[in-house]
Structures are given as structure tokens and as C-alpha cells.
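The values are calculated or read from the model by the stated rules, or taken from the named source; none is laboratory data. This is a predicted model, so every value here is computed, not measured. FYI the Cβ positions are ideal-geometry reconstructions off the backbone, even for glycines, and counts take in every protein chain you see.
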Amino acid sequence: MATKLDKTIKRELDMEGHPYTVAISPDGVKLTQKGFRKGRVMSWKYFWEHGTDEATNGAHADSGTPPSPASK
């Protein structure tokens, strides 16, 4: 069983040689370059409704419907 996300979790990652902080919260995800205050924010609702459309420049990755239990 998964643990409920009830507070923000921060982790550091390296992307193309630059350090970033990713903050995962009950409201969504925020990715910020280390040493900067402003970052990119995506709410869980937006992520669910739009999926990867923005990241793939409009190419539809899936139908937007949740997977059936049999396909997991």
C-alpha cells in the first residue's frame, strides 16, 4: 500500500550538468534550478488533464483515460 502524500518531499536531481530541486506536494510538482526561487509548477489536476502533451509538443501519448486494472 502506498503512503499518503500529506507534506512536501524535496529531492535534488542533475539534468544536463545543472542541479535542480524537485518538490512533490499534495498540490502538484515544482521543478526549480538550484540557486533560483522561481521554477516550473504543474498541478496534479493539470497533469492528469493534459498528460504529456506539453512535454511532447502536442503529440498525444495516451487517450487520457486511466488504465484498466487488467493492463497493470
The number of residues in the stretch 25-64 that are modelled with pLDDT of 90 or more, surrounded by 10 or more Cβ atoms within 10 Å (Cβ to Cβ) and assigned to a loop (DSSP other than H, G, I, E, B) is 4
So L5 passes all but one of these: (1) farther than 24 Å from G51 by Cβ; (2) under 16 Å from the mean Cα position of the chain (by Cα). Which condition number does it fail?
(1)
So the check is Cβ under 7 Å with 6+ separation or different chains; which pairs have a first residue in the stretch 2-31 that's at positive phi and a second one that's hydroxyl-bearing (S, T, Y) and assigned to a strand (DSSP E or B)?
G28/S43
Residue list for the stretch 1-24, restricted to those being at pLDDT below 95 and among the hydroxyl-bearing types (S, T, Y):
T3
Tally up the residues in the stretch 5-22 that are in a loop (DSSP other than H, G, I, E, B) and surrounded by 11 or more Cβ atoms within 10 Å (Cβ to Cβ), please.
2
